[in-house]
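To start, the structure itself, in structure tokens.
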Amino acid sequence: MIRYTLTRLALLVLGLVVASVIIFLTLRVLPGDVAQLIAGTNSTPEQVAGIRDQLGLDRPLPAQYAEWIGGVVRGDLGRSLLTGTPVSDELWQKAQVTVPLGVLALVIALLLSAPLGVYSALRRGRAGGTAVGVAAQAFAAVPVVWAGMMLVVVFAVWLAWLPAQGFPRAGWSDPVAAVRSLILPALTIGVVEGAMLLRFIRSATLQAIGQDYVRTAAATGLTRTQALLRHGLPNVGLSVVSVLGLQIAGIVVGAVVIEQLFSLPGIGRMLVADVSARDLPKVQGELLALTAFVLIIGFVVDLVHRAIDPRQREAT
Amino acid sequence: MLRRTSLAVTALVAAAALTLTACSPGSSPAPTATGAPDPDASISVRLVLEPGNLDIRQTSGAALDQILIDNVYQGLVARTADQEIVPSLASDWTVSEDGLTYTFTVQEGVTFHDGQELTPQDVVWSLTQHRDTAEWVDADTLANVSGVAADGQTVTVTLAAPDSQFLWNLSGRAGIVLKEGDAVDYKTAANGTGPFVLENWTQGDSITLARYDGYWGEPAAAAEVAFEYIPDNQAAMNAALAGELDVVTGFDPNLRSQIEANGDFVLVVGESTDKGTLAFNQTSGPLEDKRVRQAIRQAIDHDAIVEAIGGGQTQYGPIPSLDPGYEDLSALAPYDPEAAMALLEEAGAEDLELTLTIPSFYSTTIPQLLVSDLNKVGITLKVDSVDFPTWLQDVYTNKDYDLSFVLHTEARDFENWANPDYYFTYANPEVTELYAQSRAATSDEEADRLLAEAARIVSEDAGADWLYNGASVVAVSTLVQGMPSANVNERLNVSGLSKSDG
């Protein structure tokens, strides 16, 4: 287990280094620069050159990369070219919106998908099971933007139960308002992600029903449902853990769209704004942090999976 | 005219309230919009475009002018929504006969938001510093200033040559008065003399201004104004309907019926200096031929464009009706596809293929109409939608385009037609000379006449096409009074904005 962990850790670090080079280089391919944006459309080339010089954009690429990565190793993600504020401060600020949003969305997705997924597997071929299956199919195909709009129209505009957009200026010092502003966006992601997860849980459960050990358990006098709940579901749980890693990555991507739609000041919205402002040091830091997050989730999922599944431990 | 519109709206609301009261005799009057303004009110205003940072000295773009000038920062003079120049930090001024010396009387008792006093020396320092720092926005507009001196409360500015735009420029970025030697981090903070203090900026979300209690003039009517940045029109309307916004600027007129059905909002439409400009790259290629450019102008149904975007008016020359030098030039490019085809044939430019480069944040309405209009006269238009930094590099800096569409919002920006290096690629020495003469004129009438003459030549040359002159469309809560209606995308003075408690 220790050797496995160390190997996995080395791969994680290698992955981050490769990602940092890719992030750095692909951003440099983008046309346009922040100096021109600051100077605007009534500027002279001299003004733009002056600003470029001030911001240090003229230095050679290897020097810029070395400076950036050197900072990252020391725990410094750099500063925004536009505002001069440290990227890590901004990330911390915006994470206070995006992380709770993601967690809430994940909880909603699990609460919807786990019971309904198992139910529809057990009721396969009957009306209830089919209805849930069809609904899941439909919800998984719904565009996130449309789902969000519908929820806003119903719960914010018609019923006026929840805010239509924005995050309280007081942030988490007003926890009730903060949670209220996250419910509709989290529901939007949660329903769509949950529908996808439901289909996965359903097929994993169906597979478990067909396994020998469930059949054996049923032969000892348990009903099929009892046998499945006692012996089959732990195995379904295991495969769900490995899919959850992917789901979390999906939620991060979903947050980019949802934060735009609900005007939430989170990481996704910040990223879009920074790319269109060509604030490259900031985008670099944000992308590297997000990549690290997703890679670390994958790492943890692998370790957890290995720790709780005895078969995998015996294999190596 | 514009004043009258908002007055009429208020009157209507009041009349409606009276009618309601009259209908229910015996009952006590219901609380209505006629309630007294609440001095503790916080008003939320939807804006579209967030600034990248708050450095008013160095960062260009209307997003900063819109919220910071008049509200947080001030100059010796200011401009009203109707584009008139009025006193601000200077209580009055005189101009010498030869147009070379401007003498301002600086207000007394003015303090910056951090409590420091404004001195005439600050004015001298600000103007000199602005002229001498090339990276500051509009530094070149002060190049003509040969001297600034203070004597008591009087500040004298001497020009090397007369400049009919000088006061106008002073009412913008170039004229902002800062504290000499101030240690503010201008990118994220502000220290001005205006009626509002910058209270909070949540990047990617909102900017909040709070009433400055030490303000030298009439204090702001509301305790707080929060600018919420919501790019999406439908999302902004939903937020308004859910009661989270009091004012929606940049309202999409096509959503009019939805917001009016609710009854809590009225639509206020004002003029603007937004010019939907279709630029022609005319240095080489088919568009070098004036007949081809003229054909494109005549192939476009401008009335249909105005109708499709749901507001504004047609514009057939470089100067919009709010700006000096405006005249109706519609006769120069009437909609006539037949004439357009004849011109193209004459120029030997049939089966033309052109590319329209357009920043991606504009809606697809305009490109669709252009593709269809030009197709009717035999021009195939390919639309290339790019993000703004790409547009800046390809079109603005490298002038690598055929046609380009951008909404130019700045007031009084005729100068770009006199500058052959601008991305419009329009070069006519006669226009450059007329503009120089207009700048040097010592009377407004003379300056305006010369501008109008130059504008007519630009339109006759088909230097570009102007698809429309945008309207400033704002949805205002019936509880809110004092919302300016004209040109709010460029300058939005919110000191008179108030909200009643119901």
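Remarks
- Scanning segment B:324-358 for residues that are charged (D, E, K, R), at pLDDT 95 or above and touching a strand residue (DSSP E or B) at 6+ places or on another chain (Cβ under 8 Å) returns a single hit, B:E353.
- Unique match (being touching a residue at least 24 places away in the same chain (Cβ under 8 Å) and under 30 Å from B:R46 (Cβ atoms)) among A:G190, A:G194: A:G190
Residue-by-condition table, conditions (1) outside any strand (DSSP E or B); (2) surrounded by fewer than 19 Cβ atoms within 10 Å (Cβ to Cβ); (3) modelled with pLDDT under 95:
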| residue | (1), (2), (3) |
| --- | --- |
| B:L7 | yes, yes, yes |
| B:T10 | yes, yes, yes |
| B:A17 | yes, yes, yes |
| B:P25 | yes, yes, yes |
| B:P29 | yes, yes, yes |
| B:T34 | yes, yes, yes |
| B:I43 | no, no, no |
| B:E50 | yes, no, yes |
| B:V86 | no, yes, no |
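- Scanning segment B:52-101 for residues that are within 12 Å of another protein chain (Cβ to nearest Cβ), among the small types (G, A, S) and more than 15 Å from the chain's Cα centre (by Cα) yields one hit, B:G52.
- Residue satisfying condition, being modelled with pLDDT of 95 or more and either under 20 Å from B:D301 (Cβ atoms) or at the interface with chain A (Cβ under 10 Å from one of its Cβ atoms) (or both), within set B:L392, B:L407, B:L370: B:L370
- Identity of the residue in segment A:77-93, of a type in the set (D, E, K, R) and more than 8 Å from chain B (Cβ to nearest Cβ), that ends up nearest to the chain's Cα centre (by Cα): A:D89
- One residue from A:Q96, A:Q47, A:Q36 being crowded, with 16+ Cβ neighbours inside 10 Å, within 14 Å of chain B (Cβ to nearest Cβ) and without any contact (Cβ under 8 Å) to a residue 12 or more places away in the chain: A:Q47
- The criterion of being within 23 Å of B:D461 (Cβ to Cβ), crowded, with 16+ Cβ neighbours inside 10 Å, modelled with pLDDT of 95 or more and charged (D, E, K, R) holds for B:D301.
- Where helices (runs of 4 or more DSSP H) sit wholly within segment A:1-81, those with at least 2 residues that are out of contact with any Lys or Arg (no Cβ under 7 Å at 6 or more places or on another chain) and either of a type in the set (D, E, K, R) or more than 30 Å from B:V137 (Cα to Cα) (or both) occupy A:2-29, A:45-55, A:61-73.
- Residue list for segment B:415-430, restricted to those being of a type in the set (F, W, Y), within 14 Å of chain A (Cβ to nearest Cβ) and in contact (Cβ under 8 Å) with a residue 12 or more places away in the chain: B:W417, B:Y423, B:F424
- Looking across segment B:175-221 at every residue that is β-branched (V, I, T) and within 14 Å of chain A (Cβ to nearest Cβ), the one that is surrounded by the most Cβ atoms within 10 Å (Cβ to Cβ) is identified as B:I207.
- Residues of segment A:198-234 satisfying the condition of being among the polar types (S, T, N, Q) and crowded, with 18+ Cβ neighbours inside 10 Å: A:T205
- Scan of segment A:159-217 for residues that are among the basic types (K, R) and within 14 Å of another protein chain (Cβ to nearest Cβ), ordered by number: A:R169, A:R180
- Under the condition of being hydroxyl-bearing (S, T, Y), over 30 Å from B:Y423 (Cα atoms) and surrounded by fewer than 16 Cβ atoms within 10 Å (Cβ to Cβ), the residues counted in segment A:1-33 number 3.
- For segment B:93-106, filtering for residues that are modelled with pLDDT under 95 and under 26 Å from B:E410 (Cα atoms) leaves 1.
- Residues in segment B:193-206 that are touching a helix residue (DSSP H, G or I) at 6+ places or on another chain (Cβ under 9 Å) and under 20 Å from A:G84 (Cβ atoms): B:L198, B:T202, B:Q203, B:G204, B:D205.
- The one condition in (1) surrounded by fewer than 18 Cβ atoms within 10 Å (Cβ to Cβ); (2) in contact with a helix residue (DSSP H, G or I) (Cβ under 7 Å, 6 or more places away or on another chain) that B:D132 fails to fulfil: (2)
- Count - residues of segment B:97-113 that are surrounded by 15 or more Cβ atoms within 10 Å (Cβ to Cβ) and assigned to a loop (DSSP other than H, G, I, E, B): 6
- Across segment B:373-389, the number of residues qualifying as of a type outside the set (A, V, I, L, M) and within 14 Å of chain A (Cβ to nearest Cβ) comes to 5.
The values are calculated or read from the model by the stated rules, or taken from the named source; none is laboratory data. What you are looking at is a predicted structure, and each value in this text was computed from that prediction instead of being measured. Every residue, glycine as well, gets a Cβ built from its backbone with ideal geometry; the counts of neighbours run over all protein chains shown.
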